[in-house]
Amino acid sequence: MRIVKHALLWFALPMAVLALLAGIAPAASLNALAALDTRSVAEGVRYGALPRQQLDIYRPRGAAPAGGWPLVVFFYGGSWNRGERADYRFVGEALASRGMLTLVADYRLYPEVRYPEFLRDCAQALAFGLAQAAPLGANPKRVFVMGHSAGAYNAAMLALDDRWLRATGHSPGELAGWVGLAGPYDFLPIRNPEVRPVFFHPNVPFGTQVLDHAGRDSPRAFLGAALNDDLVNPQRNSGGLAARLREAGAPVTLKLYEHVNHMTLAAAFAPPLRWLAPVLDDVTAFVEAAP
């Protein structure tokens, strides 16, 4: 088994590197590079009644520590048009390997739904994590929401705009923090043609911009972005939100990474690609620093 695993690793690594050089990060290659022996997985756990309302649970190996593991609910990106939880096994594995019980959730996408229905799905998934933390062996007081790209927007809205969690009987005050990677937090006017119909362009509803919801009571935040991101401007979005949170008196950590782009920032969670940027180390430190 170990020989086969090493053979797969050496086959997948060159393919992943070539893909990264081309500016893409194919999930199959990244998942092939993820370790298989540091977590157990429960797949297709329902957090709602609809087909896309499912998540996978990545549980660290061994017994939970006193008080339970920290729990992270992760949402992927894809311009709210595409994405599958199975594509992000490498993220679930990476976080679980660092001692975090991790939920990677699907949510409904355009054209099935538009704003704000995908936020309602994400709020249900996060509510599942908050309610099930203790039964799963996690610490209910150390629950985090995290996302990349459009998923970072979803995570930010759940953490900063209490409308969404309040509808599930929970509140952002229950979170120990949130993590946004390459998130669009201030994106009007909408230029991406895929995103325009999601938000009813040009009649974008009021309250869609994360920046407008930053306040003193916002949970601890970690914002990470590629210094040279051609898809989501890091200075305007991550930098702008960090500034707004600081002005409000909310705790925030901002990290801008060199040598990665919008996609490879997430790819850096895969074990042999972590040299690209210390994103996993920084997210782990942020979670471990929570009270």
Output for Cβ contacts, cut-off 7 Å, separation at least six or different chains, first residue closer than 23 Å to Leu130 by Cβ in region 68-92, second aromatic (Phe, Trp, Tyr) and part of a loop (DSSP other than H, G, I, E, B), reads Phe75/Tyr107; Gly83/Tyr76; Tyr88/Tyr76; Val91/Phe269
When residues of region 210-231 are filtered for being buried (at least 18 other Cβ atoms within 10 Å of the Cβ) and outside any helix (DSSP H, G or I), how many remain? 11
Where residues in region 175-209 are under 18 Å from the mean Cα position of the chain (by Cα) and outside any loop (DSSP other than H, G, I, E, B), which of them is farthest from Ala267 (Cα to Cα)? Gly177
Does Leu33 satisfy the criteria of being within 21 Å of Ala96 (Cα to Cα), of a type outside the set (Gly, Ala, Ser) and modelled with pLDDT of 90 or more? no
Scanning region 83-108 residue by residue, the ones that are within 16 Å of the chain's Cα centre (by Cα) and not in a helix (DSSP H, G or I) total 12
Which residues, taken from region 131-168, are small (Gly, Ala, Ser) and either assigned to a helix (DSSP H, G or I) or touching a helix residue (DSSP H, G or I) at 6+ places or on another chain (Cβ under 7 Å) (or both)? Ala131, Gly147, Ala150, Gly151, Ala152, Ala155, Ala156, Ala159, Ala167
Taking region 232-291 and keeping residues in contact (Cβ under 8 Å) with a residue 60 or more places away in the chain, within 16 Å of the chain's Cα centre (by Cα) and surrounded by fewer than 18 Cβ atoms within 10 Å (Cβ to Cβ) leaves Asp282
What are the residues in region 113-122 that are more than 11 Å from Gln53 (Cα to Cα) and either in contact with a Phe, Trp or Tyr (Cβ under 8 Å, 6 or more places away or on another chain) or in a helix (DSSP H, G or I) (or both), if any? Arg114, Tyr115, Pro116, Glu117, Leu119
Would you check if Phe128 is of a type in the set (Phe, Trp, Tyr), in contact with a Lys or Arg (Cβ under 7 Å, 6 or more places away or on another chain), at pLDDT 95 or above and part of a helix (DSSP H, G or I)? no
Can you confirm whether Leu254 is assigned to a strand (DSSP E or B) and either of a type in the set (S, T, N, Q) or modelled with pLDDT of 95 or more (or both)? yes
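The values are calculated or read from the model by the stated rules, or taken from the named source; none is laboratory data. Not measured: the values here are computed from a predicted model. All Cβ positions, glycine included, derive from the backbone under ideal geometry; neighbour counts span all protein chains shown.
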